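The values are calculated or read from the model by the stated rules, or taken from the named source; none is laboratory data. Everything numeric here is computed off the predicted structure, so don't read it as measured data. So basically every Cβ, Gly included, is an ideal-geometry build from the backbone, and we count neighbours across all protein chains shown.
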Amino acid sequence: MILTPCYHINFKKSKMKNLIILIIAFSSISTTIYAQNPGKKLHDERGEKNEKIKTLKIAHISNELNLTTEEAEKFWPIYNEHERSMMKIRHELRSKSKYRPDSAEKLTNDEANELIESILSMKTAELTFQRELISNLKGVIPPVKILKLERAERTFREMLIKELRDRRPEKRKK
(Lines give C-alpha, C1' and ligand atoms only; values in the text may rest on other atoms or scores of the structure.)
Protein backbone atom coordinates (compact mmCIF):
# COMPACT_ATOMS: atom_id res chain seq x y z
CA MET A 1 0.00 0.00 0.00
CA ILE A 2 1.33 3.43 -0.95
CA LEU A 3 0.90 6.22 1.60
CA THR A 4 0.59 9.79 0.44
CA PRO A 5 2.20 12.49 2.57
CA CYS A 6 -0.21 14.58 4.66
CA TYR A 7 0.99 17.87 3.17
CA HIS A 8 -0.08 16.67 -0.28
CA ILE A 9 -3.63 15.98 0.91
CA ASN A 10 -3.83 19.29 2.79
CA PHE A 11 -2.56 21.13 -0.29
CA LYS A 12 -5.32 19.56 -2.40
CA LYS A 13 -7.93 20.45 0.23
CA SER A 14 -6.62 24.03 0.36
CA LYS A 15 -6.77 24.37 -3.43
CA MET A 16 -10.28 22.90 -3.49
CA LYS A 17 -11.40 25.24 -0.70
CA ASN A 18 -10.06 28.27 -2.58
CA LEU A 19 -11.72 27.10 -5.78
CA ILE A 20 -15.07 26.73 -4.01
CA ILE A 21 -14.69 30.18 -2.43
CA LEU A 22 -13.97 31.75 -5.83
CA ILE A 23 -16.94 30.01 -7.46
CA ILE A 24 -19.26 31.25 -4.71
CA ALA A 25 -17.87 34.78 -4.97
CA PHE A 26 -18.14 34.84 -8.79
CA SER A 27 -21.72 33.67 -8.75
CA SER A 28 -22.59 36.22 -6.08
CA ILE A 29 -20.99 39.08 -8.03
CA SER A 30 -22.34 38.12 -11.44
CA THR A 31 -25.87 37.63 -10.09
CA THR A 32 -25.75 41.01 -8.38
CA ILE A 33 -24.38 42.78 -11.44
CA TYR A 34 -26.96 41.24 -13.74
CA ALA A 35 -29.80 42.05 -11.34
CA GLN A 36 -28.73 45.68 -11.18
CA ASN A 37 -28.07 46.19 -14.90
CA PRO A 38 -30.02 43.65 -16.94
CA GLY A 39 -30.11 45.82 -20.08
CA LYS A 40 -26.44 46.83 -20.13
CA LYS A 41 -23.61 45.02 -21.81
CA LEU A 42 -21.50 43.23 -19.25
CA HIS A 43 -18.54 42.64 -21.49
CA ASP A 44 -17.38 46.05 -22.60
CA GLU A 45 -13.69 46.81 -22.17
CA ARG A 46 -14.07 48.77 -18.93
CA GLY A 47 -16.42 46.17 -17.50
CA GLU A 48 -13.97 43.37 -18.26
CA LYS A 49 -11.16 45.24 -16.51
CA ASN A 50 -13.37 45.91 -13.50
CA GLU A 51 -14.35 42.24 -13.38
CA LYS A 52 -10.69 41.20 -13.50
CA ILE A 53 -9.90 43.56 -10.65
CA LYS A 54 -12.85 42.25 -8.63
CA THR A 55 -11.74 38.68 -9.29
CA LEU A 56 -8.20 39.45 -8.14
CA LYS A 57 -9.54 41.26 -5.07
CA ILE A 58 -11.75 38.30 -4.16
CA ALA A 59 -8.84 35.90 -4.49
CA HIS A 60 -6.54 38.18 -2.48
CA ILE A 61 -9.00 38.76 0.36
CA SER A 62 -10.04 35.09 0.46
CA ASN A 63 -6.40 34.06 0.66
CA GLU A 64 -5.42 36.68 3.26
CA LEU A 65 -8.40 35.90 5.52
CA ASN A 66 -8.15 32.15 4.90
CA LEU A 67 -11.94 31.92 4.69
CA THR A 68 -13.60 28.56 5.05
CA THR A 69 -16.30 27.63 2.54
CA GLU A 70 -19.03 28.33 5.09
CA GLU A 71 -17.50 31.69 6.02
CA ALA A 72 -17.14 32.67 2.36
CA GLU A 73 -20.79 31.88 1.61
CA LYS A 74 -21.87 34.36 4.27
CA PHE A 75 -18.99 36.84 3.99
CA TRP A 76 -19.11 37.76 0.29
CA PRO A 77 -22.75 38.92 0.05
CA ILE A 78 -22.21 41.18 3.09
CA TYR A 79 -18.90 42.49 1.77
CA ASN A 80 -20.27 43.07 -1.75
CA GLU A 81 -23.19 45.08 -0.36
CA HIS A 82 -20.72 47.15 1.64
CA GLU A 83 -18.63 47.78 -1.48
CA ARG A 84 -21.72 48.92 -3.42
CA SER A 85 -22.63 51.36 -0.65
CA MET A 86 -19.12 52.77 -0.57
CA MET A 87 -18.99 53.17 -4.35
CA LYS A 88 -22.34 54.92 -4.31
CA ILE A 89 -21.29 57.59 -1.81
CA ARG A 90 -17.97 58.16 -3.59
CA HIS A 91 -19.76 58.52 -6.91
CA GLU A 92 -22.25 60.90 -5.33
CA LEU A 93 -19.45 63.10 -4.01
CA ARG A 94 -17.69 63.15 -7.38
CA SER A 95 -20.87 64.10 -9.19
CA LYS A 96 -21.58 66.97 -6.75
CA SER A 97 -18.05 68.24 -6.71
CA LYS A 98 -16.63 70.64 -9.26
CA TYR A 99 -13.34 70.58 -7.41
CA ARG A 100 -10.12 69.62 -9.09
CA PRO A 101 -6.86 69.80 -7.12
CA ASP A 102 -5.34 72.16 -9.67
CA SER A 103 -8.30 74.58 -9.56
CA ALA A 104 -8.78 75.10 -5.80
CA GLU A 105 -7.92 78.78 -6.16
CA LYS A 106 -10.82 79.24 -8.59
CA LEU A 107 -13.44 78.19 -6.00
CA THR A 108 -15.43 80.83 -4.19
CA ASN A 109 -15.60 80.63 -0.41
CA ASP A 110 -19.19 79.39 -0.65
CA GLU A 111 -18.21 76.66 -3.12
CA ALA A 112 -15.24 75.67 -0.94
CA ASN A 113 -17.47 75.47 2.15
CA GLU A 114 -20.01 73.39 0.24
CA LEU A 115 -17.25 71.05 -0.89
CA ILE A 116 -15.88 70.76 2.64
CA GLU A 117 -19.36 69.82 3.91
CA SER A 118 -19.74 67.26 1.13
CA ILE A 119 -16.38 65.71 1.99
CA LEU A 120 -17.24 65.57 5.70
CA SER A 121 -20.63 64.08 4.89
CA MET A 122 -18.95 61.41 2.75
CA LYS A 123 -16.42 60.59 5.47
CA THR A 124 -19.24 60.28 8.02
CA ALA A 125 -21.17 57.97 5.69
CA GLU A 126 -18.04 55.88 5.08
CA LEU A 127 -17.53 55.49 8.83
CA THR A 128 -21.19 54.53 9.27
CA PHE A 129 -20.91 51.90 6.52
CA GLN A 130 -17.66 50.60 8.02
CA ARG A 131 -19.31 50.19 11.44
CA GLU A 132 -22.24 48.44 9.78
CA LEU A 133 -19.90 46.07 7.93
CA ILE A 134 -18.07 45.16 11.12
CA SER A 135 -21.33 44.65 12.96
CA ASN A 136 -22.68 42.40 10.18
CA LEU A 137 -19.45 40.38 9.99
CA LYS A 138 -19.13 39.73 13.73
CA GLY A 139 -21.36 36.66 13.61
CA VAL A 140 -19.99 35.45 10.28
CA ILE A 141 -16.21 35.42 10.70
CA PRO A 142 -13.97 35.57 13.78
CA PRO A 143 -12.90 39.03 15.03
CA VAL A 144 -9.28 38.33 14.08
CA LYS A 145 -10.33 37.90 10.44
CA ILE A 146 -12.31 41.15 10.60
CA LEU A 147 -9.11 42.89 11.68
CA LYS A 148 -7.19 41.19 8.87
CA LEU A 149 -9.76 42.45 6.33
CA GLU A 150 -8.59 46.07 6.53
CA ARG A 151 -4.99 45.00 5.98
CA ALA A 152 -5.99 42.74 3.07
CA GLU A 153 -7.87 45.61 1.40
CA ARG A 154 -4.91 47.95 1.88
CA THR A 155 -2.35 45.48 0.53
CA PHE A 156 -4.59 44.80 -2.47
CA ARG A 157 -4.85 48.54 -3.24
CA GLU A 158 -1.06 48.86 -2.94
CA MET A 159 -0.52 45.92 -5.29
CA LEU A 160 -3.02 47.34 -7.78
CA ILE A 161 -1.42 50.80 -7.73
CA LYS A 162 2.03 49.27 -8.18
CA GLU A 163 0.78 47.20 -11.11
CA LEU A 164 -0.79 50.24 -12.77
CA ARG A 165 2.38 52.29 -12.28
CA ASP A 166 4.51 49.49 -13.72
CA ARG A 167 2.36 49.44 -16.85
CA ARG A 168 3.11 53.12 -17.60
CA PRO A 169 6.89 53.08 -17.81
CA GLU A 170 7.42 55.96 -20.25
CA LYS A 171 4.83 58.37 -18.84
CA ARG A 172 6.14 58.03 -15.25
CA LYS A 173 9.84 58.33 -16.09
CA LYS A 174 9.64 61.67 -17.91
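Numbers below:
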{"read-out": "Residue that is nearest to Ser85 (Cα to Cα), among those in the stretch 129-145 that are among the hydrophobic types (A, V, I, L, M, F, W, C) and touching a helix residue (DSSP H, G or I) at 6+ places or on another chain (Cβ under 8 Å)", "value": "Phe129"}
{"read-out": "Qualifying residue in the stretch 112-130 (condition: farther than 22 Å from Arg94 by Cα and of a type outside the set (Lys, Arg))", "value": "no"}
{"read-out": "Residue match in the stretch 68-83 (condition: of a type outside the set (Lys, Arg), closer than 30 Å to Asp110 by Cβ and either loosely packed, with under 12 Cβ neighbours inside 10 Å or at pLDDT 55 or above (or both))", "value": "no"}
